[in-house]
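Below is one structure; the comments refer to it alone.
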Amino acid sequence: MFFVLSKLLDFLISPTVWLAGLLGLTFLLRRSRWRRQLLGLTVALALVLTNGALVNEALLAWEVPPVTLRELGRHDAGVLLTGITKGRKSPHDRVYVEQGADRLLHTLWLYRAGRIRTIIVSGGSGALGGAKTRTEAQELAILLRLAGVPREAILLETRSRNTRENALNTKYVLSQHPEIKSIVLITSAFHERRALGCFRKVGLQPTVFPASYYSTDRQPTLSYWLVPSDEAPRLWSILIHEMVGYAAYWVRGYL
C-alpha cells in the first residue's frame, strides 16, 4: 500500500499541478472577491517556479556535496542504486538510460580507477505492476559488462522497489559475501541523503559518493538570478518529491 500511495503522491505534490489548480480556481472564482488574491498568488508561484537561480540554490542546499577520489580512498565494493533506466521503452534489444546515468558512469569510473573491486547493483522495478522484461539491476549489469567489467566483479540484487528495500536487500547480499568489509553508496546527489539514512538504519555504514547533480555552480551575474528558465519547474518537482519522500521515510522510521 505504501508503494502505491507513494506513486499517487508523486502526482499530487507536483508544482505544475499546484499552478494548474490555482489557475483553474481563479477561473472558477472569477466573480468572487478572492479573485484578485488568487491571481496574485498564481503569478507569484509562476515567478518562483520559473526562476532557475532559486531552484538551483535550493538544490545546492539539499544535494550532498561532491567527494573527490582522494577523499574517497579505496573500498571493497560500490553499491550502485538503480532508478535510471526506461524498462518500458521498446524495442527491448537495448538499454535506455535517463539523466541519472552519471550514477552508472561514476561507478564505472571508480572501478576503473581501482577505488572499488566489486560492484553491487541494487534494484528490481520501481514501476507499478512490476517490470515486464529485465529488472533495472540486470539492465545496468548489461551496460557494465559491455564496458568491460568482468562478470565475477558484479553482484546483483533484483528485488528492491524503493530505497528502503535497497538497504535491506543489500544488507542480505553483503551477509553472503563476508569478504566485503567496506562499501561506497553511489546514487544521485539529491537522493544520497535519503539513501544514506536508509542504509544506516539497517546497520550499514557506507561511504557516500554522490553523482548526477542537478545543481550547477552559482553564477555572480544578473542573468543567473533574473532570466526565467523552462527547466526550473521540472527541477522544483524533482526536489520537492525527494524532500517529501525523505519526510515520509522519517515518519515511517526508515531513517
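Just so you know, all these numbers are worked out from the coordinates, no wet-lab data involved. Computed from a predicted model, the values in this text were never measured in an experiment. Please note: Cβ atoms are built from the backbone with ideal geometry, for glycine as well, and neighbour counts cover all protein chains shown.
Can you tell me the Rg and the Dmax, both Å, for the Cα atoms in region 69-211?
14.0, 42
Arranged by the count of other C-beta atoms within 10 angstrom, fewest first, what order do Tyr111, Tyr246 take?
Tyr246, Tyr111
Within a 10 angstrom radius of the beta carbon, how do Thr207, Thr135 rank from fewest other beta carbons to most? Before the final figure, lay out the partial values.
On the way: Thr207 16, Thr135 22.
Ranked by crowding around the Cβ, least crowded first: Thr207, Thr135.
Can you give the net charge of the other residues whose Cβ lies under 14 Å from the Cβ of Leu108, counting K and R as +1 and D and E as -1?
+4
Measure of size requested: the Rg and Dmax of region 133-194, with Cα atoms as the atom set and Å as the unit; please supply both.
Cα-based Rg and Dmax for region 133-194 come out at 12.6, 33 Å.
Taking neighbour Cβ counts within 10 Å as the exposure measure, how do Leu29, Leu143, Leu47 sort from fewest upward? Mind showing how you got there, number by number?
Numbers: Leu29 14, Leu143 18, Leu47 11.
Least to most surrounded, the residues fall as Leu47, Leu29, Leu143.
Between the DSSP loop rule and a limit of at most 11 other Cβ atoms within 10 Å, which trypsin sites (Lys or Arg not before Pro) in region 124-213 are left? Show your work: numbers first, answer last.
Values: sites: Lys132, Arg134, Arg145, Arg151, Arg159, Arg161, Arg164, Lys171, Lys181, Arg193, Arg194, Arg200, Lys201; in loops: Lys132, Arg134, Arg159, Arg161, Lys181.
For trypsin sites (Lys or Arg not before Pro) across region 124-213 that sit outside H, G, I, E and B with at most 11 neighbouring Cβ atoms in 10 Å, the list reads Lys132, Lys181.
In degrees between 0 and 90, to the nearest 10, how far off the longest principal axis of the chain does helix 2-12 point, with axes built from Cα atoms?
Approximately 40 degrees, to the nearest ten.
Taking the alpha carbon gyration tensor of the chain, what are the square roots of 5 times its eigenvalues, largest first, to the nearest whole Å? Please list the in-between numbers first.
Values: eigenvalues 276, 86, 60 Å².
After scaling each eigenvalue by five and taking roots: 37, 21, 17 Å.
Could you state the angle between the C-alpha long axis of helix 163-175 and the longest principal axis of the C-alpha atoms of the chain, as a value from 0 to 90 degrees rounded to the nearest 10?
With both axes taken from Cα atoms, the answer is about 10 degrees.
May I ask for the Kirkwood hydrodynamic radius of region 73-120, worked out over all distinct Cα pairs and given in angstroms to one decimal? Don't skip to the answer; put the middle values down first.
Details: mean 1/r = 0.0845 Å⁻¹.
When all Cα pairs of region 73-120 are included, the Kirkwood radius is 11.8 Å.
For the chain, what does -39500 (n - 2.57) per DSSP helix run (n ≥ 4), summed and divided by total residues, give at 222 nm, in deg cm²/dmol to the nearest 500? If you can, show how the numbers build up before the last one.
Numbers: 11 runs with 129 residues, N = 255.
The helix contribution divided over the chain gives -15500 deg cm²/dmol.
When the Debye formula is applied to the Cα atoms of region 32-111, each taken as the same point scatterer, what base-10 log of I(q)/I(0) results at q = 0.16 Å⁻¹?
Debye intensities relative to I(0), on a log10 scale: -0.87.
For Asp217, what charge total do you get from the other residues with a beta carbon under 14 Å from its beta carbon, if Lys and Arg give +1 and Asp and Glu give -1?
Values: positive: Arg218; negative: Glu57, Glu63.
Here the charged neighbours net out to -1.
Cα-based count: Lys pairs in the chain below 13 Å, eight or more positions apart or different chains? Show your work: numbers first, answer last.
Numbers: Lys86/Lys132; Lys89/Lys132; Lys171/Lys181; Lys171/Lys201.
The number of close lysine pairs in the chain is 4.
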